[in-house]
Amino acid sequence: MSNGSRLAELVRHPLSVAGIVVTTLSAILFLVFFLLDLLGFTANPYLGILVFLVAPGLFLIGLVLIPCGIGLERRRRRKGLDVREAEWPSVDLNVPHQRRVVAFVLVSTVLNLVILSLAAYRGLEYMDSVEFCGELCHTVMEPEFVAYQDGPHARVTCVQCHIGPGAPWFVKSKLSGTRQVFAVTFGTYSRPIPTPVENLRPARDTCEQCHWPEKFHGDQLTASWSYADDEASTESPTMLRLHVGGMTPKAGKATGIHWHVDPANAIDYIAIDEKRQVIGKVTLRDGAGRVVREWIADGVTPGQLAAGESRRMDCIDCHNRPTHPFAASAGRAVDAALGREELTRGLPYIRREAVAALSGRYATREQAVSAISDRIARFYRENYPEVFAGRRAELDGAIASAQRVYARNVFPTMGVGWGTHLNNLGHTDSPGCFRCHDDIHRDREGATISQDCSLCHTIE
């Protein structure tokens with residue numbers, strides 16, 4: 001029997017046949033959907049994980065099954081045969097049939113390598129996509145994904161901030177992702193997702209690839225608006241001159257708020273709670289790492305400091321919600337909607353009624369949508385019948401805006417409500433700056449970290 005015929009007989013083992021079938025089908029599936037993806041016809045995250053992660057895995061498994069089946073069939077046939085017949089078959093490229101077999105194996109190997117390379121590349125690319133991060137685990141990631149889409153970094157991919165460049169953090173993220181897959185599969189994930197995120201890559205490796213805190217920024221004028229609960233929802237503007245600061249070219253040293261990230265300074269702190277809202281100790285070091293000053297909060301014990309979390313301060317300690325912002329309260333959310341004219345001020349008491357409707361506790365999104373509509377409509381039907389009857393389109397638009405504000409900030413399934421995720425930028429809705437600038441952190445001489453407002457801003 002020729003070597004070609006013997007090979008054909010060997011691959012008839014059920015394991016090899018199964019490998020051939022699995023490899024062929026997965027290769028066809030991958031190539032077809034890879035082409036469709038290139039042409040822009042596929043966008044479903046679940047289809048993506050099937051095509052770019054599962055199919056290549058099955059393809060590789062099939063390739064392994066084929067030689068395993070051949071080996072099992074050869075072992076079965078060798079039983080009872082003499083030693084000579086059990087030796088490896090000879091390969092003679094002068095024989096035309098063997099040349100054809102070798103050529104087939106080489107071509108198949110090259111094709112397999114091409115398919116596996118494309119699959120590996122596209123699989124890694126898919127795992128780095130926003131749709132993979134935000135849509136695949138829809139319930140778990142819905143709050144963060146919705147906030148991300150409405151945030152200032154909506155055109156920055158998730159991996160640029162959460163992983164950044166380089167292989168080490170890529171490997172760490174995938175190991176962490178494996179743990180998260182099991183948590184989602186067995187429903188053991190936290191509700192809500194706990195913050196702050198532990199073991200996040202230092203901001204100098206991610207944020208500062210685009211933002212340059214050392215660069216001189218000077219002062220920045222900002223405006224914010226709040227609205228009263230009176231009939232006209234009266235507007236009250238606030239103008240702040242923020243001393244953003246940075247590196248001053250003339251003085252060669254940092255000023256203003258960005259003094260905290262001057263390379264010549266290194267600020268370490270110990271948080272004695274899980275949310276990093278209670279700071280027990282602050283240490284200032286110079287560029288060489290030498291301790292310059294230390295401040296310890298009144299009443300904090302050595303045991304609390306020993307059990308606390310030690311951390312080097314960076315951008316994320318203040319800008320802790322740069323991409324996934326949530327309103328601190330229904331009032332804040334409604335004020336923002338009024339400020340961007342998403343919610344009209346033309347309806348009497350609209351600010352007060354919208355806040356009251358949004359502040360209710362609702363078990364589900366559907367219940368909230370219905371209750372918000374009923375409460376606002378009932379108020380105008382009972383108190384302003386002329387508005388209810390004659391300005392119905394405007395009223396319906398206001399109700400829809402209030403419902404969108406709720407859907408953007410509250411997610412009952414994941415336990416996310418008003419103020420669940422604190423924002424440390426400023427100090428109006430959470431301690432923020434006052435975690436350290438509270439006049440109760442003292443050094444050895446009794447001097448405190450000042451709470452003087454003019455250090456960071458002045459009101460215009």
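Answer with yes or no whether Glu135 is at pLDDT below 75 and either in contact with a Pro (Cβ under 8 Å, 6 or more places away or on another chain) or assigned by TED's automatic domain parsing to the domain that holds Thr23 (or both). Criteria not met by Glu135. Considering each residue of the stretch 301-312 in turn, at least one proves to be closer than 19 Å to Lys275 by Cβ and in contact with a helix residue (DSSP H, G or I) (Cβ under 9 Å, 6 or more places away or on another chain).
If you go through the stretch 412-460 and keep only what is charged (D, E, K, R) and either closer than 23 Å to Gly245 by Cα or not in a loop (DSSP other than H, G, I, E, B) (or both), you end up with Arg435, Asp438, Asp439, Arg442, Asp452, Glu460.
Of Glu382, Glu353, Glu394, which residue is acidic (Asp, Glu), crowded, with 17+ Cβ neighbours inside 10 Å and over 20 Å from Ala147 (Cα atoms)? It would help to see each step written out before you state the result.
Details: Glu382 fails: crowded, with 17+ Cβ neighbours inside 10 Å; Glu394 fails: crowded, with 17+ Cβ neighbours inside 10 Å.
Testing whether each residue is acidic (Asp, Glu), crowded, with 17+ Cβ neighbours inside 10 Å and over 20 Å from Ala147 (Cα atoms) leaves just Glu353.
Of these, Leu347, Leu338, which one is within 10 Å of Ser233 (Cβ to Cβ) and within 32 Å of the chain's Cα centre (by Cα)? Criteria check complete, one pass: Leu338. Determine which single condition Ile399 fails, assuming it passes every other condition in (1) within 26 Å of Thr195 (Cβ to Cβ); (2) assigned to a helix (DSSP H, G or I); (3) of a type in the set (Val, Ile, Thr). Every listed condition holds for Ile399 apart from (1). A single member of Ser173, Ser233 is part of a loop (DSSP other than H, G, I, E, B) and hydroxyl-bearing (Ser, Thr, Tyr), and it is Ser233. Scanning the stretch 312-329 for residues that are part of a helix (DSSP H, G or I) and either free of Cβ contacts under 8 Å to residues at least 24 places away in the same chain or not β-branched (Val, Ile, Thr) (or both) returns Cys315, Asp317. The residues in the stretch 276-300 that are in contact (Cβ under 8 Å) with a residue 12 or more places away in the chain and surrounded by 11 or more Cβ atoms within 10 Å (Cβ to Cβ) can be counted, and the count is 17.
The values are calculated or read from the model by the stated rules, or taken from the named source; none is laboratory data. Small disclaimer: the values here were computed from a predicted structure and weren't measured. Counting neighbours? That spans all protein chains shown, and the Cβs are built from the backbone with ideal geometry, glycine included.
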